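The values are calculated or read from the model by the stated rules, or taken from the named source; none is laboratory data. Not measured: the values here are computed from a predicted model. Note: ideal-geometry Cβ built from the backbone for every residue, glycine included; neighbour counts use all protein chains shown. Note: areas computed on protein heavy atoms with side chains; ligands, DNA, RNA excluded. Shrake-Rupley method; radii C 1.70, N 1.55, O 1.52, S 1.80 Å.
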Amino acid sequence: MEFADLKSQYQALAPVIDARIRKVLSHGQFIMGPEVVEMEQQLAQFTGTKHCISCSSGTDALLIALMALGLKPGDEVITTPFTFVATAEMIVLLGARPVFVDIEPDTCNIDAAAIEAAITPRTRAVMPVSLYGQPADMDAINHIASRRSLAVIEDAAQSFGATYNGKPSCNLSTVACTSFFPSKPLGCYGDGGALFTNDGEVAQAMQEIRVHGQERRYYHTRIGIGGRMDTLQCAIVLAKLERFEWEIAARQRIATRYDLLLAPLAERIALPCVRSGRTSAWAQYTVRVSERDALQAALKESRIPTAVHYPVPLHRQPAYRHCGVSGELQQADRAANQVLSLPMSADLSAIDQDRVAEALILGLARAPALAVPPDR
């Protein structure tokens, strides 16, 4: 069993992926070839945004967005500590300061109610993360940001394909950034990412930053980076887009089946919570369990792959202990000790899902129940 079954996905898409790759090899435009523009147009159409700018990774997408918005040393960006390190990493690299606020116990997304108290005269932006595939409470976040004249950057590395009140993730804020890392619901076969915005000036800035700050060849209007996405990787994303709606529907079906299989374990396991008005792209299916370490060891014995996203929140990481913390981050600390991601991909078979559920039942039977139940 694979944690994320990319082999079966390729087998299903091999003819179209191979044809797309052969086309690039034939025309030889490996940097900024026609597939780059084609992918950007299709992704913009999918999200309903005016502008999509591809780039070299989801991490570089965050960096480009912050640079385009003019983040400077000493500025502050409010964000979540319960995320992959790239979220805060790009803020710090620009000399700015992440300010961490706590998360919701049920979704593990940033707690919008905690943002207002963290705003200072140095605050320039809010960066919510659409964790595990579900957008954060974007209406509440946008309302606070609008009143305080702050930009909102959606870190949508895990949520391309999800919706919030009927609107697609990546079209919910000033700028959105996503990743095409291979294990994402829409992934390439290397690194890749994209930025989305409806602001023409911001889009132009991001396009220039992506190619070393060039307005035109060898004419540099701003500081930039080498942040282009390879044509071959764009070709692979285009191939996968052909069945992407099926992919999201399949992930939802598998998540629903997980919910049913694991419902009898409700006293020991907290299942993922998708709030009303939202959908998830199900980048991960992540449960919460107090006996996480013992259960993970039992699953490993049964040859069930698992992962922990994420075991150490950013405010506990040695490199980020100097960053700002607003209030007590008890929920983030607790989640880090409880979350456990189970195998999830659109091609996960019912037989393998049954194996996961059976291994969980056996593992919990062997693990001593702890006094502190998982959050719901």
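Sort out the exposed loop GluC sites (Glu not before Pro) in the chain (DSSP loop, at most 10 other Cβ within 10 Å) and tell me the longest stretch that has none.
In short, 1-266.
Output needed: percent of Cα pairs per 10 Å distance bin for the chain, bins running from 0 to the one holding the longest distance.
Result, from short to long distances: 5, 24, 32, 25, 12, 2, 0 percent.
Could you tell me which trypsin sites (Lys or Arg not before Pro) in region 128-215 are loop residues by DSSP with no more than 15 other beta carbons within 10 angstrom of their beta carbon?
Arg148
Give the dimensionless ratio obtained when the Cα radius of gyration of region 217-276 is divided by 2.2 N^0.38 Å.
2.02
Could you work out how much longer the chain between Leu94 and Ala113 gets when fully extended? Use 0.36 nm per residue separation minus the Cα distance between them, nm to one decimal.
Result: 4.1 nm gained on full extension.
Considering only the other residues whose Cβ falls under 14 Å of the Cβ of Arg20, what net charge follows from Lys and Arg at +1 and Asp and Glu at -1?
The answer is -1.
Using a Gaussian network model of the chain with C-alpha springs under 10 Å, which one of Pro343, Pro311, Pro264 is most mobile by mean-square fluctuation?
Pro264
Between Glu267 and Asp293, what's the calculated FRET efficiency when r is the beta-carbon distance and R0 is 25 Å? Round to 0.05.
It comes to 0.85.
Might you tell me the accessible area per residue for the chain, computed with a 1.4 Å probe and given in Å²?
Here the per-residue accessible area is 42 Å².
Modelled label-to-label distance, Ser146 and Arg275, 7 Å Cα→beta-carbon offset: nm?
1.7
Using only the heavy atoms of the protein chains and a 1.4 Å probe, how would Val16, Val312 rank by accessible area, largest first?
Val312, Val16
At a temperature of 10 °C and a viscosity of 1.306 mPa s, determine how fast region 229-376 diffuses translationally according to Stokes-Einstein, using the Kirkwood radius over alpha-carbon pairs as Rh; express D in µm²/s, rounded to the nearest whole number.
The estimated diffusion coefficient comes to 92 µm²/s.
Got a sec? Charge dipole of the chain, +1 on Cβ for Lys and Arg, -1 for Asp and Glu; which of Tyr219, Ala162, Thr306 is way out at the positive end?
After comparing all options, I get Tyr219.
Would you work out the charge dipole size for the chain about its Cα centre, treating the Cβ of every Lys and Arg as +1 and the Cβ of every Asp and Glu as -1, and quote it to the nearest 20 debye?
That gives a dipole near 380 debye.
Between Arg222 and Asn165, 0.36 nm times their residue separation minus their Cα-Cα distance comes to what?
16.8 nm
For region 57-186, treating each Cα as an identical point scatterer without solvent, what Debye log10 I(q)/I(0) comes out at q = 0.16, 0.18 1/Å?
Once normalised to I(0) and log-transformed, intensities are -0.70, -0.90.
Find the lysine pairs in the chain meeting two conditions, Cα atoms under 15 Å apart and a separation of 8 or more places or different chains, and report how many there are.
The number of close lysine pairs in the chain is 4.
Using only the heavy atoms of the protein chains and a 1.4 Å probe, how would Ser349, Ser146 rank by accessible area, largest first?
Heavy-atom accessible area, descending, gives Ser146, Ser349.
Report the Cα centroid-to-centroid distance between region 20-71 and region 82-113 in angstrom, as an integer.
25
Run lengths n ≥ 4 of DSSP H only: what is the helix-derived mean residue ellipticity at 222 nm for the chain, with -39500 (n - 2.57) per run over all residues, to the nearest 500?
-12000 deg cm²/dmol
Once phi is turned into ³J(HN,Hα) by the Karplus curve 6.51 cos²θ - 1.76 cosθ + 1.60 with θ = phi - 60°, what whole-Hz value does each residue of region 99-104 show in order, with x for glycine and proline?
Working through the residues one at a time gives 10, 8, 10, 6, 10, 6 Hz.
Taking the alpha carbon gyration tensor of region 143-182, what are the square roots of 5 times its eigenvalues, largest first, to the nearest whole Å?
In descending order the semi-axes read 21, 12, 6 Å.
Roughly how many debye, to the nearest 20, is the charge dipole of region 205-287 about its Cα centre, given +1 on each Lys and Arg Cβ, -1 on each Asp and Glu Cβ, and no other charges?
Approximately 120 debye in magnitude.
Can you give the accessible area of Ile64, probe radius 1.4 Å, in Å² rounded to 10?
Its heavy atoms expose roughly 0 Å² to the probe.
Rounded to the nearest percent, how much of the accessible area of region 1-159 (1.4 Å probe, protein heavy atoms only) is carbon and sulfur?
Taking all protein chains in place, region 1-159 shows 54 percent carbon and sulfur surface.
Excluding ligands and nucleic acids, what accessible area in Å² is computed for Lys167 using a 1.4 Å probe, to the nearest 10?
100
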